[in-house]
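S.K.: Below you'll find the structure I mean.
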Amino acid sequence: MMEPDVIEGYAKAGAVLSDLLLKHSRGISQGTSILDVCERIEHEILEAGCKPAFPVNFSVNSVAAHYTAKPGDGLRVEGLALVKLDVGVHYDGYIADAAVSVCVDGYGLELKEACESALEKALSRVREGTRVREISSVIDEEIRRLGAKPISNLTGHMIGRYKLHAGVSIPNVKSWSPLYRLKTGDVLAIEPFATFPDAAGVVVEQPPAQIFSLARRRKPRGRVEAAILSYASELKGLPFCRRWVKGRLGAMYAAELDRLARIGVLRAYPPLLEASGAPVAQAEATVVVDGDGAHVVAAPFRW
Ligand code: MN
Ligand code: MN
């Protein structure tokens, strides 16, 4: 059995996240400011007594993941837009990570439905003893059954305390998925991504990055680097963005992030673009394995 305060930490983060995801996904339509949504959600996470586990990701169409508003970002939702709103919340280091797709004017609805159906089927398999490969299989088959294609190089992941990606990956295709068997206390983020069947079905990085995390510790060289590294350590290694650094430390500091990533002090997470330019949908939930059952702590739908 799991410790009650661990379960409670996940439950608290998960409840805040599920509410915010539902509330803010409903507000997305033509003309919505991306900066506005990111800032509001991050603010409301703090108001609820939790912290963002990473900057709010607001990725549109062929950008599958890892876009967050730049400082002063003027980008708005316009035209055909399939939005992935991906949010992370932590309470005392217990992280819930979930995402919902928003089909503005119905665009990409079949892809959203494929992801959600795959996620529901995957969640129903989560219990002690289930192999990760079985979860990948269910996702892969369900997405294809519904006439879409899974993104083969985007995966779900295990979660640890203050660790967004801990150990085992949970691929959305069965071929190379691990044989690892789930055990009590494992926390999983399961996140199917789907695109059109004739698309490449893989993502590639598209710099510049907005999101960064601490890669390795070293003695800081200079005042600017010292301030950035101290900020990154304060977040206990969790990701942050240029916007946050600008708000906290100033524009000069935000401009230093790319250089620190180039020399390997920071890790950069550039936006991930579907290689053939096709739109991508995502659905993500966080689930805690507990014996013969599972607690779904955050999901893009009622569970
Ligand atoms: Mn996520
Ligand atoms: Mn995730």
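The values are calculated or read from the model by the stated rules, or taken from the named source; none is laboratory data. Quantities reported herein were computed from a predicted structural model and do not represent experimental measurements. We place every Cβ from the backbone using ideal geometry, glycine too, and count neighbours over all the protein chains shown. Protein only, heavy atoms only, side chains kept; ligands, DNA and RNA dropped before computing areas. Shrake-Rupley method; radii C 1.70, N 1.55, O 1.52, S 1.80 Å.
S.K.: What residues have an amide H closer than 5 Å to that of Ala215, excluding those fewer than 5 places away on the same chain, when H is modeled at 1.01 Å from N in the peptide plane?
M.R.: Residues meeting the criterion, in which the H sits 1.01 Å from N, are Leu266, Arg267.
S.K.: Within 12 Å, Cβ to Cβ, of Glu256, how many net charges do the neighbouring residues add up to if Lys/Arg are +1 and Asp/Glu are -1?
M.R.: +4
S.K.: Give the residue from Gly93, Ala65, Tyr107 lying farthest towards the positive end of the charge dipole for segment 59-124; charges sit on Cβ (+1 for Lys and Arg, -1 for Asp and Glu) and the dipole is referred to the Cα centre.
M.R.: My answer, from the dipole projection, is Ala65.
S.K.: As a quick test, which of the pairs Lys23/Lys84; Lys23/Lys51; Lys163/Lys183; Lys51/Lys121 have an alpha carbon distance above 21 angstrom in this structure?
M.R.: On the way: Lys23/Lys84 14 Å; Lys23/Lys51 18 Å; Lys163/Lys183 18 Å; Lys51/Lys121 30 Å.
Over 21 Å Cα-Cα: Lys51/Lys121.
S.K.: Quick one: pull the percent of accessible area on the chain belonging to carbon and sulfur, 1.4 Å probe, ligands and nucleic acids left out.
M.R.: In the chain, the share of accessible area belonging to carbon and sulfur is 51 percent.
S.K.: Helix-only mean residue ellipticity at 222 nm, the chain, DSSP H runs n ≥ 4 weighted -39,500 (n - 2.57), per residue, nearest 500. What is it?
M.R.: Calculated mean residue ellipticity at 222 nm is -10000 deg cm²/dmol.
S.K.: Hey, rough spin-label estimate for Val168 and Arg259, points 7 angstrom out along Cα→Cβ, what's it come to in nanometres?
M.R.: With each label point 7 Å from Cα toward Cβ, the separation is 4.3 nm.
S.K.: Here is a further query. Which value, in debye to the nearest 20, describes the size of the charge dipole of segment 211-269 about its Cα centre when Lys and Arg Cβ atoms bear +1, Asp and Glu Cβ atoms bear -1, and nothing else is charged?
M.R.: In total the dipole reaches around 140 debye.
S.K.: In a GNM of the chain with a 10 Å cut-off on Cα contacts, which of Asn153, Asn172, Asn61 has the highest mean-square fluctuation?
M.R.: Asn153
S.K.: Can you tell me the relative contact order of the chain? Whole percent, Cα pairs under 8 Å, sequence separation 6 or more.
M.R.: Reported as a whole number, the value is 24 percent.
S.K.: Mind listing the phi-derived Karplus ³J(HN,Hα) values for segment 73-80, rounded to whole Hz, using 6.51, -1.76 and 1.60 with θ = phi - 60°, and x for any glycine or proline?
M.R.: So the J values, rounded to whole Hz, are 3, x, 5, 10, 6, 8, x, 5.
S.K.: Within the set of other residues whose C-beta is less than 14 Å from the C-beta of Tyr107, count the net charge using Lys and Arg as +1 and Asp and Glu as -1.
M.R.: Surrounding charge for Tyr107 is -2.
S.K.: Hey, another quick one. So, in Å, what gap is there between the alpha-carbon centers of segment 243-275 and segment 113-168?
M.R.: Comparing the Cα centres of segment 243-275 and segment 113-168, I get a distance of 29 Å.
S.K.: Further question: Using the Karplus equation 6.51 cos²θ - 1.76 cosθ + 1.60 (θ = phi - 60°), what ³J(HN,Hα) coupling, rounded to whole Hz, does each residue of segment 254-265 give in order, writing x for Gly and Pro?
M.R.: Result, rounded to whole Hz: 4, 6, 7, 4, 5, 5, 5, 6, 4, 8, x, 6.
S.K.: Express in Å², to the nearest 10, the accessible area of Met252 obtained by rolling a 1.4 Å probe over the protein heavy atoms while all chains stay in place.
M.R.: 110 Å²
S.K.: What ranking of Val56, Val6 comes out by heavy-atom accessible area, probe 1.4 Å, highest first?
M.R.: Val6, Val56
S.K.: Whole Å is fine, so just give me how far the alpha carbon centre of segment 44-76 lies from that of segment 173-236.
M.R.: Distance between centres, Cα-based: 15 Å.
S.K.: A further question follows. In whole percent, what relative contact order does segment 47-182 give with Cα contacts below 8 Å and a gap of six or more residues?
M.R.: 19 percent
S.K.: Given charges of +1 on the Cβ of Lys and Arg and -1 on the Cβ of Asp and Glu, with all other atoms neutral, how large is the dipole of the chain about its Cα centre, in debye to the nearest 20?
M.R.: In debye, rounded to 20, the chain gives about 1200.
S.K.: By a straight-distance test (C-alpha under 19 Å), which aspartates and glutamates pair with Lys236 as possible cross-link partners, with residues fewer than eight away in the same chain excluded?
M.R.: Within the straight-line limit of under 19 Å, Lys236 reaches these aspartates and glutamates: Glu42, Asp92, Asp97, Glu225.
S.K.: Quick check for you: with a 1.4 Å probe and neighbouring chains kept, what is the accessible area per residue of the chain, in Å²?
M.R.: Result: 43 Å² of accessible area for each residue.
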